[in-house]
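First comes the structure, then the notes that go with it.
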Amino acid sequence: MDALTVSALAFCFFTLLVLGIQQIKHTDDQMVASRVRKLKAKEVKEKLAQLNQNPGDRSPQPEFWRRVLTSASRLSPAMRLGRLVDKKLAEADVPLRGEEYVVLVLLSALVAGGFFATVSLNLGLGLAAAVVGGLAPHLLVNRIRTKRLLTFNSQIGDALVIMANSLRSGFSFLQAMDMVCKELPDPIRKEFSRTFREINLGTPTEEALQNLALRVKSDDLDLVVTAVLIQRQVGGNLAEVLDNIAETIRERIRIKGEVKTLTAQGRISGIVIGLLPLALVTFMLIINPAYIMTLFTNSIGLALVSAALLGQILGILLIKKIVNIEV
């Protein structure tokens, strides 16, 4: 074997040795990079498929309006007012910060007032529309909060049964909460999952349960949290305690249903009393506008309308007080 062949083989050997060492050194980095590229390619494919299925969704308008809303909410007055409604938004599970909600209320009032004032050329009507536009988000949030609370209360009994059975099977309290998160739908799954994450991140169990009670604002949940906190301090059979609370909650739900049935006539009376004057005024405006407009153009008529509105509000409040029976 001549010297040229030996030199070529030595060169190839050392070249392959260097490449092999470099390959071994960077194998992990290349594997990670390859996985990231695959994930990115998969994500891009999914986004392209969504765009192909929904061509009209290409516009980034939601992102734009969210940035505008966030920028407007950074104003000092909006931030101060926003702190007052953060708790209510959390109870309603509305994905907005308090200052963003304040900006939306102001925009709703301005748009409603400006629209009706421009269309009718009546400043008074515009102001009334602005008031209604400002109150509408508040009423909507209250309705969402009430509906969510009713759904949550209807799920507590099932959650307690699951937790009690899990504890009897040998699970810990945290594992029982995790079972509730897996077995039941929202909103109780979301709230229990948040509490479960708080405990896993180091928050004391007692503090996490108290935070849960403060977020939801449910009398039934307050009863559960109080019983669990007492049991953790003095001991006892937690499964039996949860079963007793579940039975109590089921009886309360049954009694509430009976009360709602017995007070249905009073609630319907309140609805009729509230809607009948509005329906009558609308009917008169359509049939004979000149006849009914005297009430709104004469000082005595305005006084009578104000007294009628005050009587309506008082009547609705009294009926609501009568039919709302605490159980």
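Just a few scattered comments:
- For the cross-link pairs Lys182/Lys256; Lys87/Lys260; Lys88/Lys147; Lys260/Lys321; Lys217/Lys320; Lys147/Lys321, the ones whose C-alpha atoms lie over 18 Å apart are Lys182/Lys256; Lys87/Lys260; Lys217/Lys320; Lys147/Lys321.
- In terms of the mean number of neighbouring beta-carbon atoms within 10 Å, the peptides 150-162, 185-197, 120-132, 278-290 order highest first as 150-162, 185-197, 120-132, 278-290.
- Each of Val228, Val111, Val259 has its accessible area taken with a 1.4 Å probe; listed largest first, they run Val111, Val259, Val228.
- The listed peptides 231-237, 94-100, 264-270, ordered by packing as a protection proxy, come out as 94-100, 264-270, 231-237 (highest mean of other Cβ atoms within 10 Å first).
- Residue-normalised accessible area of the stretch 275-327, expressed per residue, 1.4 Å probe, Å²: 82
- Surface share of carbon and sulfur [accessible, 1.4 angstrom probe, percent] for the stretch 126-215: 60
- Per residue, the stretch 99-146 exposes an accessible area of 63 Å² to a 1.4 Å probe, with every protein chain left in place.
- For the Cα trace of the stretch 171-246, dividing Rg by the Kirkwood Rh returns an Rg/Rh value of 0.93.
- Considering only Leu278, Ile313, Val323, the residue lying farthest towards the positive end of the dipole of the stretch 225-327 is Leu278, judged by Cα position with unit charges set on Cβ.
- The stretch 189-327, relative contact order [Cα under 8 Å, separation at least 6], %: 19
The values are calculated or read from the model by the stated rules, or taken from the named source; none is laboratory data. Fair warning: this is a prediction, and the values are worked out from it, not measured in the lab. Note that each Cβ is placed from the backbone with ideal geometry, even for glycine, and that neighbours are counted across all protein chains shown. All accessible areas refer to the heavy atoms of the entire protein, side chains included, with ligands and DNA or RNA removed. Shrake-Rupley method; radii C 1.70, N 1.55, O 1.52, S 1.80 Å.
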